[in-house]
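Here's the structure, in structure tokens; my notes come after.
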Amino acid sequence: MTPVVSSPGVDLKRYQDPLVIQRTLYHARTIAVVGLSPNELRASYFVGYYLKRHGYRIVPVNPREPEILGEKSFKSLLEVPMPIDIVNVFRTPDAVPAIAEDAVKIQAGCLWCQFGVISEAGARNAEAGGVRVIMDRCLKVEHARYVGRMHWLGFNTQRITSVRGTLQ
């Protein structure tokens, strides 16, 4: 499947700085996942599940579902009653500008757009309101890369390690 790109001329390197990504991951505690699906086969579900298992508080934002991953789901970011560190977007690029405006209104720390979710207008809206932007990167993949849990399937099996153990 080819990702839908709304702004092909966007300089993505500007929104993919490894230092910004690392700082965002290390300081975040609460992540609102906009477009989180209850379907276990969808990428949004897998990412939300992974992040929850790694200690982040996940706040589903999906107007069609009352609960996802055992958490109350909200119809929009504006209804979320707690501070949000990262707004993780699993929606089409044309939905990003409005989501960015809501991220600014709730004073989120970061607007994080998943692979293929590229919106220059959304990035401008977020940055104008003081919200950091990471775009065209997967939150789960970046977490695994920088926190050291990456392996060929994306899981940490703890079967193979570079740490020497004692022979028995």
Legend entry - Number of positions in the range 24-53 that are within 18 Å of Q107 (Cα to Cα) and loosely packed, with under 15 Cβ neighbours inside 10 Å: 2
Inset, instruction - State which residue is modelled with the lowest pLDDT when the search covers only the range 6-23 and only residues that are surrounded by 15 or more Cβ atoms within 10 Å (Cβ to Cβ) and among the hydrophobic types (A, V, I, L, M, F, W, C). - result: V10
Inset, instruction - Among the numbered conditions (1) farther than 25 Å from R145 by Cβ; (2) free of Cβ contacts under 8 Å to residues at least 40 places away in the same chain; (3) surrounded by 15 or more Cβ atoms within 10 Å (Cβ to Cβ); (4) touching a Phe, Trp or Tyr at 6+ places or on another chain (Cβ under 9 Å), tell me where I58 comes up short. - result: (1)
Inset, instruction - Return the residue satisfying two criteria in turn: it lies in the range 139-168 and is in contact with a helix residue (DSSP H, G or I) (Cβ under 7 Å, 6 or more places away or on another chain) and assigned to a loop (DSSP other than H, G, I, E, B), and of such residues it is modelled with the lowest pLDDT. - result: G154
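Picking from D94, D136, which residue would you name as being surrounded by fewer than 15 Cβ atoms within 10 Å (Cβ to Cβ), charged (D, E, K, R) and touching a residue at least 60 places away in the same chain (Cβ under 8 Å)? Can you show your working first?
On the way: D136 fails: surrounded by fewer than 15 Cβ atoms within 10 Å (Cβ to Cβ).
Of D94, D136, the one residue that is surrounded by fewer than 15 Cβ atoms within 10 Å (Cβ to Cβ), charged (D, E, K, R) and touching a residue at least 60 places away in the same chain (Cβ under 8 Å) is D94.
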Inset, instruction - Confirm whether A126 is assigned to a loop (DSSP other than H, G, I, E, B), modelled with pLDDT of 85 or more and within 18 Å of R91 (Cβ to Cβ). - result: no
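The values are calculated or read from the model by the stated rules, or taken from the named source; none is laboratory data. Everything numeric in this text was worked out from a predicted model, so none of it was measured. Because the Cβ atoms are built from the backbone with ideal geometry, glycine has one as well, and the counts that use them run over all protein chains shown.
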